[in-house]
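Visitor: Once you've had a glance at the structure underneath, I'll fire off some questions.
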Amino acid sequence: MARRVAVIGAGVSGLSSIKCCLDEDLEPTCFERSNDIGGLWKFTTTVCSITKHPDFSETGQWDVVTETEGKQERAVFDAVMVCTGHYLNPRLPLESFPGIHKFKGQILHSQEYKSPEGFQGKRVLVIGLGNTAGDVAVELSRTAAQVLLSTRTGAWVLHRSSAGGYPLTMVITRRCLNFTAQVLPSCVLNWIQERQLNKRLNHENYGLSITKGKKSKFIVNDELPTCILCGTVTMKTSLKEFTETSALFEDGTVEENIDIVIFATGYTFSFPFLEEPLKSLCTKKIFLYKQVFPSNLERTTLAIIGLISLKGSILAGTELQARWATRVFKGLCKIPPSQKLMAEATKKEQLIERGVMKDTSEDKLEFILYLDDLAACIGAKPSIPLLFLKDPRLAWEVFFGPCTPYQYRLVGPGKWDGARNAILTQWDRTLKPLKTRIVPNSTKPTSMSRYLKVWGAPIVLASLLLICKSLGFFFKSVRDNLQDRISPYLISIW
């Protein structure tokens with residue numbers, strides 16, 4: 001059984017992994033060169049290499065070589081948790097932009113951007129439209145002379161608050177909505193989604209609408225639409241070419257006197273400290289079992305934590321990954337043999353290469369489905385039907401309320417006695433910090449009104465779907481009974 005665990009990286013994934021190791025009575029050692037924690041904000045790893053111990057096939061142990069102040073040290077660990085995440089190497093695709101080497105202005109990657117100081121009076125071009133690009137453009141709009149934001153695809157802009165001012169993530173991350181999403185056709189869901197998003201902000205008017213044929217992309221930014229409306233940020237199409245001082249765009253427009261170009265073009269991830277073929281295999285998510293365990297290891301003592309994109313909080317996802325991984329290390333949870341996993345992944349890769357299957361390994365994972373999948377592996381997934389029988393009030397909150405990590409502390413390993421109360425009072429804790437000004441004799445909306453506003457539409461939709469499903473079973477039963485009665489008569493006629 002694993003005992004000593006090496007945790008590579010002290011970001012959010014690394015901190016979750018350390019905590020989960022301690023919960024399972026393991027001995028974690030975290031390697032982080034900087035004198036502070038934080039991962040993405042201050043990440044530099046000191047790990048030089050991670051290789052299989054000579055008797056790996058029997059023990060599953062790893063040799064970990066680290067460097068501190070020029071001095072290398074070697075240690076043996078029973079298991080390794082790699083928590084370096086997505087944001088390791090800045091992606092700067094200069095070769096995709098003709099004329100970039102002629103450009104005489106300053107070129108930066110968004111990782112190098114720290115503050116708007118030094119951009120006063122400058123004309124800045126930001127390339128890309130992810131969360132980082134939106135944030136950089138908005139912040140620079142307050143100091144720069146002009147900010148241009150270039151995008152190939154466009155994006156749906158989400159606000160942090162929903163109707164009524166409730167936190168968006170708490171409103172949309174609910175099991176009832178997840179249920180309807182599994183039942184309704186994707187075309188219906190997309191129509192509803194686009195209608196709601198354009199109701200708040202007509203994306204076409206703001207130059208933000210998704211280019212036809214491109215995947216839908218979402219960013220969270222409360223201020224970007226206002227900056228576009230005020231003219232401090234100007235949306236531009238895909239960039240075609242650079243000159244010494246200007247930029248030519250696909251729509252034929254030219255922007256002169258560009259001082260600075262900021263590439264918000266994302267990152268690439270790699271594992272330079274791993275040995276081949278493990279290094280190459282781990283960069284292909286299709287070969288990571290449930291996005292955690294490499295498929296080619298005969299001993300499951302190495303886990304990749306945090307290499308996921310979720311439609312929800314990544315913190316909840318990394319914690320469940322770490323909870324599962326530590327129990328696998330201890331032998332309390334099992335995964336299929338490596339031969340089976342490799343065969344399945346290889347077959348899937350071949351189907352993708354032949355165009356038979358779509359590659360979804362880089363798509364964002366459905367938050368509730370993925371967390372439920374991991375929780376089921378460790379026995380921590382709540383049973384909604386059972387909850388409705390045993391504790392209807394709690395079941396109501398679990399199904400119709402926000403799907404928060406408390407739900408995965410109700411049962412199984414890691415069960416927390418305070419989870420039930422935490423779920424029942426989570427809305428109270430969310431709203432209490434906002435109520436710093438109490439107006440005497442003000443009209444207070446009833447709690448039922450709030451529930452109806454937040455849960456009314458999903459309840460009605462879920463009820464209709466359940467009714468339709470029940471009617472489907474009813475009519476099928478009637479049809480089968482009629483066939484049983486009519487068929488002999490028809491047979492006698494023939």
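Visitor: Which of the residues that make up the range 135-180 are among the aliphatic types (A, V, I, L, M) and part of a strand (DSSP E or B)?
Guide: Hits for the range 135-180 are Val147, Leu148, Leu149, Val157, Leu158.
Visitor: Of the residues Ser216, Ser209, which is in the same structural domain as Ser150 (by the TED database) and modelled with pLDDT of 90 or more?
Guide: Among Ser216, Ser209, only Ser209 is in the same structural domain as Ser150 (by the TED database) and modelled with pLDDT of 90 or more.
Visitor: If you take the residues in the range 120-135 that are touching a helix residue (DSSP H, G or I) at 6+ places or on another chain (Cβ under 6 Å) and surrounded by 22 or more Cβ atoms within 10 Å (Cβ to Cβ), which one is nearest to Glu255 (Cα to Cα)?
Guide: Among those residues, the one meeting the criterion is Val124.
Visitor: Still on this structure, I have one more. Quick check on the range 138-162: of everything there that is β-branched (Val, Ile, Thr) and within 24 Å of the chain's Cα centre (by Cα), which residue is farthest from Ile127 (Cα to Cα)?
Guide: Val157
Visitor: Name the strands (runs of 3 or more DSSP E) wholly within the range 181-260 that hold at least 2 residues that are touching a helix residue (DSSP H, G or I) at 6+ places or on another chain (Cβ under 8 Å)?
Guide: Here the list reads 218-220, 233-236.
Visitor: If you don't mind, there's one more thing I want to ask. Return the residue satisfying two criteria in turn: it lies in the range 221-235 and is β-branched (Val, Ile, Thr) and buried (at least 20 other Cβ atoms within 10 Å of the Cβ), and of such residues it is farthest from Val138 (Cα to Cα).
Guide: This residue is Ile228.
Visitor: Return the residues of the range 392-416 that are open to solvent by 30 Å² or more (accessible area, probe 1.4 Å) and more than 22 Å from Thr318 (Cα to Cα); say none if nothing qualifies.
Guide: Pro392, Arg393, Trp396, Phe399 - these are the residues of the range 392-416 that are open to solvent by 30 Å² or more (accessible area, probe 1.4 Å) and more than 22 Å from Thr318 (Cα to Cα).
Visitor: Let me ask another. Return the residues of the range 271-323 that are farther than 18 Å from Trp62 by Cα, hydroxyl-bearing (Ser, Thr, Tyr) and not in a helix (DSSP H, G or I); say none if nothing qualifies.
Guide: Thr283, Tyr289, Ser309, Ser313
Visitor: Now for a different question. Does Thr169 fit the bill of being under 30 Å from Pro385 (Cα atoms), in contact (Cβ under 8 Å) with a residue 12 or more places away in the chain and either acidic (Asp, Glu) or open to solvent by 40 Å² or more (accessible area, probe 1.4 Å) (or both)?
Guide: In short, yes.
Visitor: Something else now. Please list, ordered by residue number, the helices (runs of 4 or more DSSP H) wholly in the range 352-450 having 1 or more residues that are in contact (Cβ under 8 Å) with a residue 60 or more places away in the chain.
Guide: Correct list: 367-378, 384-390, 392-400, 426-431.
Visitor: A further question on this structure: Of (1) in contact (Cβ under 8 Å) with a residue 24 or more places away in the chain; (2) not assigned by the TED database to the domain that holds Ala133, Thr346 satisfies all except one. Which?
Guide: The failed condition is (1).
Visitor: Can you pull out the residues in the range 236-267 that are loosely packed, with under 13 Cβ neighbours inside 10 Å and in contact (Cβ under 8 Å) with a residue 40 or more places away in the chain?
Guide: Glu244, Asn257
Visitor: Restricting attention to the range 244-297, and to residues there that are in the same structural domain as Gln146 (by the TED database) and of a type in the set (Asp, Glu), which single residue is nearest to Cys83 (Cα to Cα)?
Guide: Taking the candidates together, the pick is Asp259.
The values are calculated or read from the model by the stated rules, or taken from the named source; none is laboratory data. Here the structure is a predicted model, which is why all the values come from computation and not from measurement. In this analysis, Cβ positions are derived from the backbone assuming ideal geometry, glycine residues included, and neighbour counts consider all displayed protein chains. Accessible surface areas use protein heavy atoms only, side chains included; no ligands, DNA or RNA. Shrake-Rupley method; radii C 1.70, N 1.55, O 1.52, S 1.80 Å.
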